[in-house]
Amino acid sequence: MPPTSALLVIGAVAMGTTFVLTPVVIVIARRMGWVVEPDARRVHTKTMPDVGGLAMVIAVVVAMGVARMWDVFDPMFARNSEPTGVVVAAVAMYAVGFIDDLRELSAPAKVAGTIAVGMILVTMGVTMYYFRLPWLGVFVPGDDWMPLVTLIWLLLMTQAINLIDGLDGLAAGIVAIAAGAFFLYSLRLSELKLITPPNVGPLVAIITVGVCVGFLPWNFNPARIFMGDGGALLLGLLLAVSTSVVGGRADPTDQKYFGQTWFFLAPMLIPILILGVPIFDTLFAILRRARTRTLATADRRHLHHRLIEMGHGPRRAVVILWCWTAMLSGVVLYPAYTGKGSNLIPLAFGMLALLMFTMLHPQIRRNRG
């Protein structure tokens with residue numbers, strides 16, 4: 001694996017490129033009319049550019065290009081189609097979201113586009129090899145099941161980030177924290193030789209951190225630009241790739257670390273815990289909309305909307321959700337780096353599920369007191 005310092009440099013390239021390009025995208029978006037108007041569902045009160053993901057996807061391409069030209073990354077790129085697959089899929093995923101930002105694609109059309117992008121990943125070899133389920137053992141999907149597993153994981157991640165993107169800086173901050181935590185987690189697995197190099201996961205994770213941190217100064221309240229569906233779907237894809245190629249390739253035969261985080265629950269459940277806030281919010285949104293038979297209709301009943309209804313302002317609501325993500329990340333990283341406290345993981349899952357049930361239950365009553 002490349003040294004950590006080299007990975008951090010690539011993350012800095014992604015951050016700097018996003019930060020520099022975003023104001024350029026703001027100007028272009030206003031001139032081209034790539035803006036979104038306020039409505040009953042949205043929190044903002046003025047016309048805003050909503051194609052900030054354009055700066056992000058360019059930064060991803062630039063950062064991967066710099067890594068490709070750097071000798072230290074040669075083992076990762078040599079005779080390996082995965083980095084190219086990540087770049088092609090990222091551009092294609094952003095294109096789907098960009099079209100949706102401009103023309104409002106139907107839900108089936110967006111799902112179809114996501115499936116097409118997922119097939120690009122499968123074709124280029126960006127898939128998980130196996131995964132461990134808690135107390136059930138290791139499962140190795142065959143060639144027939146591998147595309148389905150990859151597509152389900154991609155759909156889960158992209159929709160989770162897309163649905164949580166409802167307040168200034170919320171999605172970018174949560175993804176930055178989650179990707180940063182998973183970057184540290186993947187480094188730990190690499191140090192213990194539990195993932196076989198070269199693995200593109202840590203590189204994709206640190207690039208994800210970079211584009212989010214570079215975008216946040218322009219997106220935090222009061223935002224000057226939104227990332228749009230293109231940006232949200234892009235970040236979801238990057239998270240899906242980094243988590244699947246690390247968690248889905250952690251050596252399931254090494255029993256030396258049995259009982260620690262990655263074997264106590266399984267590597268593929270780690271990102272579900274780190275991203276517990278948007279994932280649980282997504283699941284409750286699906287159940288809520290299925291109950292009212294409005295699956296394709298957006299609403300204002302997401303977790304961040306509930307926090308605002310409870311009296312928190314937009315900034316405070318965003319910071320609260322950032323803190324939840326950071327605490328869940330800490331629950332994962334503490335056992336991974338100390339070898340202690342693995343029993344915290346199931347407890348954290350239970351507490352998060354209970355908290356989400358309390359906050360998102362359809363019968364919750366707003367406190368007007």
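The values are calculated or read from the model by the stated rules, or taken from the named source; none is laboratory data. Model, not experiment: these values are computed from the prediction. No Cβ is skipped: glycine too gets one built from the backbone with ideal geometry, and neighbour counts run over all protein chains shown.
Residue-level check: of (1) assigned to a helix (DSSP H, G or I); (2) modelled with pLDDT under 90; (3) not charged (D, E, K, R), Val20 misses just (2). Restricting the first residue to segment 229-254 and requiring it to be closer than 15 Å to Ala179 by Cα and in a helix (DSSP H, G or I), which pairs with a second residue that is among the acidic types (Asp, Glu) and modelled with pLDDT of 70 or more meet a Cβ separation below 7 Å and a spacing of at least six or different chains? Short answer, once both residue conditions are applied: Ala232/Asp165. Considering segment 181-219, the residues that are crowded, with 23+ Cβ neighbours inside 10 Å and among the small types (Gly, Ala, Ser) include one that is nearest to the chain's Cα centre (by Cα), namely Ala205. Of the residues in segment 48-56, none is over 26 Å from Thr150 (Cα atoms), without any contact (Cβ under 8 Å) to a residue 24 or more places away in the chain and of a type in the set (Asp, Glu). For Val51, the conditions (1) within 21 Å of Gly214 (Cβ to Cβ); (2) among the aliphatic types (A, V, I, L, M); (3) modelled with pLDDT under 95; (4) assigned to a helix (DSSP H, G or I) all hold with the exception of (4).
Cβ separations smaller than 9 Å between residues 6+ apart or across chains give the following pairs from segment 190-210 residues that are touching a residue at least 40 places away in the same chain (Cβ under 8 Å) and more than 15 Å from Met56 (Cα to Cα) to residues that are in a loop (DSSP other than H, G, I, E, B) and aromatic (Phe, Trp, Tyr): Leu192/Tyr257; Leu194/Tyr257.
For Val66, state whether it is loosely packed, with under 14 Cβ neighbours inside 10 Å, at pLDDT 95 or above and among the β-branched types (Val, Ile, Thr). Judged against the criteria, Val66 is not a match. Listed by first and then second residue, the pairs linking a residue in segment 1-28 that is closer than 22 Å to Gly231 by Cα to a residue that is hydroxyl-bearing (Ser, Thr, Tyr) and crowded, with 16+ Cβ neighbours inside 10 Å, with Cβ atoms under 9 Å apart and 6 or more places separating them unless they lie on different chains, are Gly11/Thr208; Ala14/Thr208.
Candidates Pro83, Pro75: the one that is surrounded by fewer than 16 Cβ atoms within 10 Å (Cβ to Cβ) and out of contact with any Asp or Glu (no Cβ under 9 Å at 6 or more places or on another chain) is Pro75.
When the residues of segment 138-194 are filtered to those that are in a helix (DSSP H, G or I) and among the aromatic types (Phe, Trp, Tyr), the one that is modelled with the highest pLDDT is Phe183.
Considering Val126, Val72, Val43, Val122, the condition of being over 22 Å from Thr17 (Cα atoms), assigned to a helix (DSSP H, G or I), of a type in the set (Val, Ile, Thr) and modelled with pLDDT under 95 is satisfied by Val122 alone.
So, in segment 228-278, exactly how many residues are modelled with pLDDT of 70 or more, surrounded by fewer than 22 Cβ atoms within 10 Å (Cβ to Cβ) and of a type in the set (Val, Ile, Thr)? Of the residues in segment 228-278, 1 are modelled with pLDDT of 70 or more, surrounded by fewer than 22 Cβ atoms within 10 Å (Cβ to Cβ) and of a type in the set (Val, Ile, Thr).
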